[in-house]
Amino acid sequence: MISRGLVLVGTVAAAAYVAVVVHWYRGSPLDRIELVFALKLLLVLVIALHFLWTDGRRLTRALATLRALCERRPALCVATLIAVGIAASFATTPQIAFGEGALGVGYGHDGAIYGTMTEHFAWFKNPGMARFGYRFFAPMLVHYSGLDTFTGYRLLDLVSGALATVLMYRIARDLALAPAAAVLGAALFLVLKFGLKFFVYYPVLTDALGLLLLMAIIWATLEGRPVVYLLAMAAAVGTRENLIVLTVFNALYTLRTAKGSRRFLDAALLQIPALAVFALSRRYPVFPPFRYPGSAFDIARRGVEDFVSNPTMQWMFILSYVNALGIFAILPLLFWRRFTLFLRERYEWAYYVVVSVALSTAGGVDFDRYAVPLAPIAILGMLALTVPADGRIPRLWLYWLAVHVVSMEFIFPWFPEEGFYMSRCAAHAKGLALTYIADFSWVLAAVTFALALHDRASEAAT
């Protein structure tokens, strides 16, 4: 059994640290960064301490009640999650206050480019910077909505985040998870650090729409909806071009689940429209690129070479995954044998994991945001492996949910200055901000391991 005294000492030390931080708090950018780190540290240890020191009988009864509600009213549960998530995001998260455009500050870095594309949208006339020049779909939607840039993107992001959460529930059900487990999966997905909260924080990006299209492609694949798949893939080509790799995911799923020799032809033919749209969008871009940094292959090759030859970048990559995915960067490693078997039985998902990791090493240094596509399979895989088929949610999952909410900073205030934004990303954090991310990652890994080990020991004892 895990030493309760050790966790208690750590909790007391964290509480003392929070008291010191609050005492010396003056509202400077570094004070804000340290305060969020200290509160996260304390709450994660408090959650672990509660799990180790209580028997969980009351929680077991509460979980049974929640399970019954999810069985009877799953749509209501998911809708409530989304409403609470949106309210919490707006209550704790302002819009960034850097990156200037036509409406003033608040565009951010890449957002300044997307804002210009939106405000000066025209078919095949105005130049755009490659690779941004190919991502016309979100700027087009906001431009033709008639709303100003900030309002249009904020609305698009909220709708995208909400629908992506609904699709997370549907995909969980397609993987034969019980309604209660599927609702839990939707909750874990909703609170991702670079999910809904980030969309409110940094609205002028294509991340939210790209995530929705990713989930739509997966859902359409699993449910055998070719029209939805083709429409989502066509939109994805103009939103986040890396989603084109999901054509292979779709084909592999068809080959694994369909019957007869014709499945090979069907799997290949279904990808032709998506690949044709991709080729046409490159041959006739809506925003003709005025700067060509090289072919996509050259860019990817340089990215991989930089990654392989740079140990610092590799360390940032690991930290970014823990920072963006929280416990779901750790749990698949703790359960690696079972998780590997889960992927082996569903080899389209194994492809999905491999290609997502590979693309995140080749696409630049925004590793934190690039890790988000791995969240659905990490969450769904762990739920499939640890939640019984009848939907009884183990007590451990309630604590993992609490740890996840805290580590993803969903309930913590964020601040609008550029320095605070950079400190949320392991790939961009510097100095003490990076140290805080690294320290918290180690604590999170230890707590995740401790909870799993204690739960296993408790089951063995009974």
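Bear in mind that the values in this text are calculations on the coordinates, not laboratory data. Being a predicted model, the structure only gives us computed values, none of them experimental. Because the Cβ atoms are built from the backbone with ideal geometry, glycine has one as well, and the counts that use them run over all protein chains shown.
Work out, step by step, the length gained on full extension between A176 and W123: first 0.36 nm times the residue separation, then minus their alpha carbon distance; give nm to one decimal.
Working: separation 53, 0.36 × 53 = 19.08 nm, distance 4.42 nm.
The A176-W123 span can extend by a further 14.7 nm.
Per residue Cα convex hull volume for segment 158-211, in cubic angstrom?
Spread over its residues, the Cα hull of segment 158-211 gives 61 Å³ apiece.
Under the rule of at least 5 residues apart or a separate chain, name every residue whose amide H is placed under 5 Å from the amide H of G128.
F290
For segment 55-393, build the charge dipole from Cβ charges (+1 Lys, Arg; -1 Asp, Glu) around the Cα centre, then report which of V357, T257, G104 sits farthest towards its positive end.
With unit charges placed on the Cβ atoms, the residue in question is T257.
Which aspartates and glutamates does K197 reach when only Cα atoms under 19 Å apart count, and residues fewer than 8 places away in its own chain are ignored?
The reachable aspartates and glutamates, counting only those whose Cα sits under 19 Å from K197, are D110, D157, D207, D366, D368, E409, E417, E418.
What span do the alpha-carbon atoms of segment 1-53 cover on each of the three principal axes, reported in whole Å from largest to smallest?
Principal extents (Cα only, largest first): 42, 14, 11 Å.
Could you work out the relative contact order of segment 55-393? I mean the mean sequence separation of Cα pairs under 8 Å and 6+ apart, divided by the number of residues, in percent.
22
What FRET efficiency would be calculated for the residue pair L453, S261, taking the C-beta separation as r and a Förster radius of 45 Å, to the nearest 0.05?
That pair, L453 with S261, gives E of 0.40.
Hey, got a sec? Which chymotrypsin sites (Phe, Trp or Tyr not before Pro) in segment 1-48 land in a DSSP loop and have at most 16 other Cβ atoms within 10 Å?
Of the chymotrypsin sites (Phe, Trp or Tyr not before Pro), the ones in loops of segment 1-48 whose Cβ has at most 16 other Cβ atoms within 10 Å are W24, Y25.
Considering only DSSP states other than H, G, I, E and B, which trypsin sites (Lys or Arg not before Pro) in segment 1-43 qualify as loop sites with at most 12 other Cβ atoms within 10 Å?
For trypsin sites (Lys or Arg not before Pro) across segment 1-43 that sit outside H, G, I, E and B with at most 12 neighbouring Cβ atoms in 10 Å, the list reads R26.
What value does segment 55-393 have for Rg/Rh, both radii from Cα atoms and Rh as Kirkwood defines it?
0.97
List the trypsin sites (Lys or Arg not before Pro) in segment 244-287 that DSSP assigns to loop (not H, G, I, E or B) and whose Cβ has at most 13 other Cβ atoms within 10 Å. Which are they? Could you put the intermediate results ahead of the total?
Working: sites: R256, K259, R262, R263, R282, R283; in loops: K259.
Sparse-neighbourhood loop trypsin sites (Lys or Arg not before Pro): K259.
What does the charge dipole of segment 36-138 about its Cα centre add up to, to the nearest 20 debye, if the Cβ of each Lys and Arg holds +1 and the Cβ of each Asp and Glu holds -1?
540
Taking 0.36 nm per intervening residue step and subtracting the Cα-Cα distance, what contour gain separates T312 from A445 on full extension?
Details: separation 133, 0.36 × 133 = 47.88 nm, distance 2.03 nm.
The T312-A445 span can extend by a further 45.8 nm.
Any chance you could run the full-extension gain for L8 through V159? It's 0.36 nm times the residue separation minus the Cα-Cα distance, nm to one decimal.
Computed gain between L8 and V159 is 50.1 nm.
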